[in-house]
């Protein structure tokens, strides 16, 4: 049993999806896990807990490989005085008229004394491929996450 645990710890496989981070997080090498900005809805929603006012962001990223491959995103954070901050984000990645990977996130974040922030987010994923072998393929997945930001 100990051998299996050691193997599990020592040998890992990194799996990466098509994530999108806004320009401030990309400028930090996509390491914005503890950043406090509107773009935190993507990585760790606890980063929106201390936003002082209503914040919105719209982002568009054309990819270098093709003009048809692009990412669009829109974010909204609404801080309330006593109950925390509500956030909503929607991202779409794909090739125009071919495929689409849509992710929508609804988040709630709260700061406790300005020292620690926590969040809960619910995500909805939809993947669509048009005209793949004559079929219309659509997949839907839901998930929820819990984040903590010191």
Residue hits (the stretch 111-131; over 18 Å from the mean Cα position of the chain (by Cα) and on the phi < 0 side of the Ramachandran plot) are 111, 112, 115, 116, 128, 129, 130
If I filter the stretch 41-56 for residues that are in a strand (DSSP E or B), surrounded by 14 or more Cβ atoms within 10 Å (Cβ to Cβ), without any contact (Cβ under 8 Å) to a residue 60 or more places away in the chain and touching a helix residue (DSSP H, G or I) at 6+ places or on another chain (Cβ under 9 Å), do I get at least one hit?
yes
Residue pairs, Cβ under 7 Å, 6 or more apart or interchain, first in the stretch 12-36 and at positive phi and exposed (fewer than 10 other Cβ atoms within 10 Å of the Cβ), second assigned to a loop (DSSP other than H, G, I, E, B) and at pLDDT 70 or above. List them.
none
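Results for (1) within 30 Å of residue 129 (Cα to Cα); (2) modelled with pLDDT of 85 or more; (3) over 12 Å from the mean Cα position of the chain (by Cα); (4) in a helix (DSSP H, G or I), shown as yes or no for each residue.
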position: 77; (1), (2), (3), (4): no, yes, yes, no
position: 86; (1), (2), (3), (4): no, yes, yes, no
position: 89; (1), (2), (3), (4): yes, yes, no, no
position: 94; (1), (2), (3), (4): yes, yes, yes, no
Looking only at the stretch 105-139, filter to residues that are assigned to a loop (DSSP other than H, G, I, E, B) and over 27 Å from residue 82 (Cα atoms); which one of those is modelled with the lowest pLDDT?
134
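The values are calculated or read from the model by the stated rules, or taken from the named source; none is laboratory data. Computed from a prediction, not measured in an experiment: that's the story for all the values here. No Cβ is skipped: glycine too gets one built from the backbone with ideal geometry, and neighbour counts run over all protein chains shown.
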